[in-house]
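Notes follow the structure.
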Amino acid sequence: MTTDQKTDIPFSPPLVGEEEIDEVIKTLRSDWITTGPKVTQFEENFKTFIGAPAALAVSSGTDAMLVGLAALGLGRDDEVITTSMTFCSTAHVIEHLGARPVFVDVVPDTLNINPELVEKAVRPRTRAIMPVHLYGHPCEMDPIMEIARQHNLLVIEDAAHALPASYKGRMIGTIGTCTAFSFYATKNLTTAEGGMLTGDADLIDRARLWSLHGMNRDAYKRYSADGSWFYEVVLPGYKCNMTDIQASLGLHQLRKLEAYQRRRREVVRAYYDAFGDIPELELPVTRPEVESAWHLYVLRLNLNRLTIDRARFIEELKARRIGTSVHFIPLHLQPYYRDKYGYQPEDFPISYDNYKRIVSVPLHPRLSDEDVSRIIKAVKEVVAIFRRRNSPGADLQG
Ligand SMILES: *Cc1c(COP(=O)(O)O)cnc(C)c1O
């Protein structure tokens with residue numbers, strides 16, 4: 001192999017342009033570096049882009065979920081139904097409020113939460129459902145909203161992967177009670193760290209209080225002539241406001257998002273074309289009623305057709321200088337959740353079985369055509385070397 005001279009193809013590097021850098025510098029030279037005019041502008045532009053009534057910028061996607069749940073009054077002994085096939089912070093925010101995350105299994109094609117299992121998991125203490133639009137593919141929102149309506153439940157969407165995405169023509173960010181987006185470095189839009197909560201104006205106002213110490217500055221308009229110093233503390237709020245430095249990145253990233261998405265879709269098309277006839281690989285499924293954000297391209301290895309496991313597959317791609325990742329290690333396998341709630345791996349068999357086969361390959365707008373070709377070649381090479389020769393159908397492949 002001559003791979004040694006080749007440069008690395010990282011899994012998901014950020015794409016930050018000169019416009020973002022200039023804007024950050026301008027902000028740093030101004031008199032306002034924390035939450036100010038640029039955050040307000042970013043919130044305005046974001047809510048317009050999504051078509052949501054209101055938006056609140058915060059310091060992470062995790063905090064967007066946290067203040068959303070807090071503003072909805074979630075608390076001790078409440079139960080929130082979500083999935084194990086997600087990043088840990090989806091469940092952590094529920095724990096932070098003293099509530100209980102109740103995991104249910106996913107559907108086999110998209111690995112999104114299974115609405116039938118959500119319905120079965122509803123108990124007297126259930127207050128909310130937290131669907132996660134895994135990999136950018138929207139969940140089955142019609143049945144989820146119907147279950148919520150019937151049982152009077154709130155719906156807080158984890159849309160960390162789902163910017164921009166739509167379900168039956170409706171943008172993610174306009175369907176549930178509120179929706180949390182992440183602008184972490186690897187996400188489709190980045191502010192280094194950051195997040196946004198969308199929802200109706202009243203809810204977003206309450207979440208805003210929770211995001212900044214519970215300090216209500218509206219009071220100064222009522223009580224103070226010059227309005228410069230008076231405030232009231234009405235809640236024991238958190239501290240997770242976004243800064244104007246982060247919003248400087250976000251304003252330009254949002255303008256570029258459609259171009260980024262175009263490139264993501266080109267790469268996705270190249271992967272489908274290249275991998276479509278390889279029986280050792282199962283490719284992502286896109287249901288006809290959705291527009292995916294294509295945050296991740298997740299291959300599922302047909303392990304019975306290969307002589308290696310997923311870990312070795314990742315090692316082989318690494319040897320070819322290609323970065324990969326696993327999204328996610330299901331939460332019910334993680335010591336904290338496993339031990340606290342006594343979960344067994346097989347409690348969520350679809351999550352568990354798929355966990356052993358998933359590998360995310362690079363998908364981001366910085367990939368050149370040459371990068372994409374190298375990734376495709378490397379994946380095909382690894383499959384060809386480690387193909388199980390006696391598996392049915394294996395001889396059909398060149
Ligand atoms: C990234 C991510 C989060 C957390 O977002 P942060 O901005 O890093 O806090 C939550 N859920 C999912 C599914 C994620 O991928």
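The values are calculated or read from the model by the stated rules, or taken from the named source; none is laboratory data. Just so it is clear, the model here is predicted, and its values are computed rather than measured. Only protein heavy atoms, including side chains, enter the accessible area calculation; ligands, DNA and RNA are left aside. Shrake-Rupley method; radii C 1.70, N 1.55, O 1.52, S 1.80 Å.
Over the stretch 51-179, with the other protein chains present, what is the accessible area per residue in square angstrom, probe 1.4 angstrom? Kindly include the intermediate steps, with their values, before the conclusion.
Numbers: 3930 Å² over 129 residues.
I get 30 Å² per residue for the stretch 51-179.
Note that the stretch 342-350 has calculated 3J(HN,Hα) couplings of x, 6, 9, x, 7, 4, 10, x, 6 Hz, one per residue in order, obtained from phi through the Karplus relation 6.51 cos²θ - 1.76 cosθ + 1.60 (θ = phi - 60°); glycine and proline are x. In this model, which of LYS38/LYS256; LYS26/LYS187; LYS318/LYS356; LYS47/LYS256 are farther than 20 Å apart at the alpha-carbon? Listed pairs above 20 Å: LYS26/LYS187. Dimensions of the chain from C-alpha coordinates, computed as largest minus smallest value along each principal axis and given longest first, are 82, 53, 37 Å. When a 1.4 Å probe is rolled over the protein heavy atoms, the share of accessible surface on the chain that falls to carbon and sulfur comes to 52 percent.
Helix-only arithmetic for the chain: the sum of -39500 (n - 2.57) across DSSP H runs with n ≥ 4, divided by the residue total, places the mean residue ellipticity at 222 nm at -12000 deg cm²/dmol. For ASN216, the residues 5 or more places off, or on other chains, whose built amide H falls under 5 Å of its own are GLU232, VAL233, VAL234.
Close amide H partners of PHE103, meaning residues 5 or more places away or on another chain with modelled amide H under 5 Å apart, are THR82. Protein heavy-atom accessible surface, 1.4 Å probe, per residue over the stretch 258-386: 44 Å². Put simply, the amide H of ALA54, placed in the peptide plane, has neighbours under 5 Å in GLY199, leaving out anything fewer than 5 places away on its chain. Phi-derived couplings, Karplus 6.51 cos²θ - 1.76 cosθ + 1.60 at θ = phi - 60°, listed residue by residue for the stretch 283-289: 9, x, 9, 10, 6, x, 8 Hz, with x used for Gly and Pro. Taken along its principal axes, the alpha carbon cloud of the stretch 18-254 reaches lengths of 55, 43, 28 Å, longest axis first.
Ranked by solvent-accessible area (1.4 Å probe, protein heavy atoms only, all chains present), the residues THR7, THR62 order from largest to smallest as THR7, THR62.
When the Cα centres of the stretch 270-319 and the stretch 130-155 are compared, how far apart do they sit, in Å? What the calculation gives is 26 Å, centre to centre.
Only Cα pairs under 8 Å and 6+ residues apart enter the sum, and on that basis the relative contact order of the stretch 258-386 stands at 34 percent.
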